[in-house]
Amino acid sequence: MSELKDKELIIFDMDGTTLYTLDDLWDTANYALAKNGLPLRKKEEIRQFAGYGLKRLIEQAVPDGTPAGLCEQCFQDLTEHYKVHCNDKTRPYDGIPELMRALRQAGKKTAVVSNKADYAVQILDEKYFPGLLDMGEGEREGIARKPHADMVNAVLEQLHTAREDAVYIGDSEVDLETAKNAGMDCIAVLWGYRSEAFLKQQGAVHIVKDVDELKKVLLG
């Protein structure tokens with residue numbers, strides 16, 4: 001992985017990569033399910049649903065056969081709740097703010113690309129990584145979610161960086177596919193929401209076990 005230390009732009013996924021968000025996602029999903037009289041989900045189930053955005057998460061969380069109208073109501077309830085509670089239990093992974101600071105000091109550009117709603121991306125980036133990111137891109141109207149490459153392409157264009165000069169860092173199969181669709185290198189991390197065996201099964205080539213190892217890869 002020695003060639004990855006020369007990358008100009010480091011693009012991070014958010015959920016499971018820069019931030020531990022699972023408890024707030026779990027609480028919010030179960031709030032929406034309970035409000036609509038539907039059975040609750042275990043945390044491990046929500047862990048597996050995470051990564052594709054809030055709409056997909058609640059679509060997977062409701063029971064099979066749930067009417068479309070009820071599923072949409074759950075999504076609306078989830079959205080309203082998450083706007084207020086997206087940061088109750090969320091926290092940055094140990095060492096991530098320090099890594100971003102080191103990247104900035106080394107002259108690297110940094111960005112976050114997430115299927116999390118854009119309002120939450122902006123709130124959380126500002127709270128936990130103030131001044132440490134050139135750009136944050138979340139789910140919003142008019143741009144396709146990951147694993148489509150649109151969000152990554154928007155960052156590359158905005159930050160005037162060629163894709164061969166960027167590397168994508170994430171914790172799930174969504175991230176691996178996003179990087180592939182964007183035609184760029186990917187580093188998979190093991191502190192997030194998927195196992196090493198699963199990531200290898202999904203084709204991960206570059207894998208790091210902790211933030212210290214990631215720092216060595218990115219900065220040498």
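How far is it, in nm, from the label point at Leu159 to the one at Leu190 when both lie 7 Å from their Cα along the line to the Cβ?
Spacing of the two 7 Å Cα→Cβ label points: 2.6 nm.
Restricting to the chain, compute how many DSSP beta bridges are antiparallel as a %, nearest 5.
So the antiparallel bridges in the chain amount to around 10 percent.
Rounded to two decimals, what is Rg over Rh for segment 38-126 when you use alpha-carbon atoms and the Kirkwood radius?
Using only Cα positions, Rg/Rh for segment 38-126 is 1.07.
If Lys and Arg each add +1 and Asp and Glu each add -1, what is the summed charge of the other residues whose beta carbon sits under 12 Å from the beta carbon of Gln73?
Local charge sum for Gln73: -2.
Over 30 Å between Cα atoms, which of Lys5/Lys89; Lys7/Lys127; Lys55/Lys127; Lys127/Lys209; Lys83/Lys200 qualify?
Lys5/Lys89; Lys83/Lys200
Using Cα centres only, tell me the gap between segment 163-186 and segment 35-80 in whole Å.
What the calculation gives is 27 Å, centre to centre.
Please compute the alpha carbon radius of gyration of segment 118-172, then divide it by the globular-protein estimate 2.2 N^0.38 Å. Two decimals is fine.
1.17
If you take the beta carbon distance between Gln105 and Glu44 as r and set R0 to 30 Å, what does 1/(1 + (r/R0)^6) give as a FRET efficiency, to the nearest 0.05?
0.20
Can you give me the angle between helix 118-128 and the longest principal axis of the chain, using Cα atoms only, in degrees from 0 to 90, rounded to the nearest 10?
60 degrees
Report Rg (one decimal) and Dmax (nearest whole number) for segment 76-154, counting Cα atoms only, units Å.
Using the Cα atoms of segment 76-154, the pair Rg, Dmax is 13.6, 43 Å.
In segment 179-220, how does Rg compare with the Kirkwood Rh, expressed as the Rg/Rh ratio over alpha carbon atoms?
With Rh from the inverse mean 1/r over Cα pairs, Rg/Rh is 0.97.
Please compute the per residue accessible area over the chain with all protein chains in place, 1.4 Å probe, rounded to a whole number of Å².
I get 45 Å² per residue for the chain.
Write down, largest first, the equivalent ellipsoid semi-axes of segment 140-202 in whole Å, where each equals the square root of 5 times an eigenvalue of the alpha-carbon gyration tensor.
In descending order the semi-axes read 22, 13, 9 Å.
Can you tell me the equivalent ellipsoid semi-axes for the chain? Use √(5λ) from the Cα gyration tensor, largest first, whole Å.
Semi-axes from the Cα gyration tensor: 30, 17, 16 Å.
Longest segment of the chain with no trypsin sites (Lys or Arg not before Pro) in a DSSP loop having at most 13 other Cβ atoms within 10 Å?
The longest uninterrupted stretch comes out as 43-139.
What is the local net charge at Asp94, summed over the other residues whose Cβ is closer than 11 Å to its Cβ (Lys, Arg +1; Asp, Glu -1)?
Its environment carries a net charge of -2.
Averaging sequence separations of C-alpha pairs under 8 Å and six or more residues apart, then dividing by the length of segment 105-217, give the relative contact order as a whole percent.
18 percent
State, as an integer percentage, the relative contact order of the chain based on alpha-carbon contacts under 8 Å between residues 6 or more apart.
Computed over the chain, the figure is 27 percent.
Rounded to the nearest percent, how much of the accessible area of the chain (1.4 Å probe, protein heavy atoms only) is carbon and sulfur?
Of the solvent-accessible surface of the chain, carbon and sulfur hold 47 percent.
For segment 34-87, evaluate the Debye formula with one uniform point scatterer on each Cα (no solvent term) and list log10 I(q)/I(0) at q = 0.28 Å⁻¹, rounded to two decimals.
Taking Cα atoms of segment 34-87 as identical point scatterers yields -1.37.
The values are calculated or read from the model by the stated rules, or taken from the named source; none is laboratory data. Bear in mind the structure is a predicted one, so any value in this text is a computation, not a measurement. We place every Cβ from the backbone using ideal geometry, glycine too, and count neighbours over all the protein chains shown. For accessibility, only protein heavy atoms count, side chains too; no ligands or nucleic acids. Shrake-Rupley method; radii C 1.70, N 1.55, O 1.52, S 1.80 Å.
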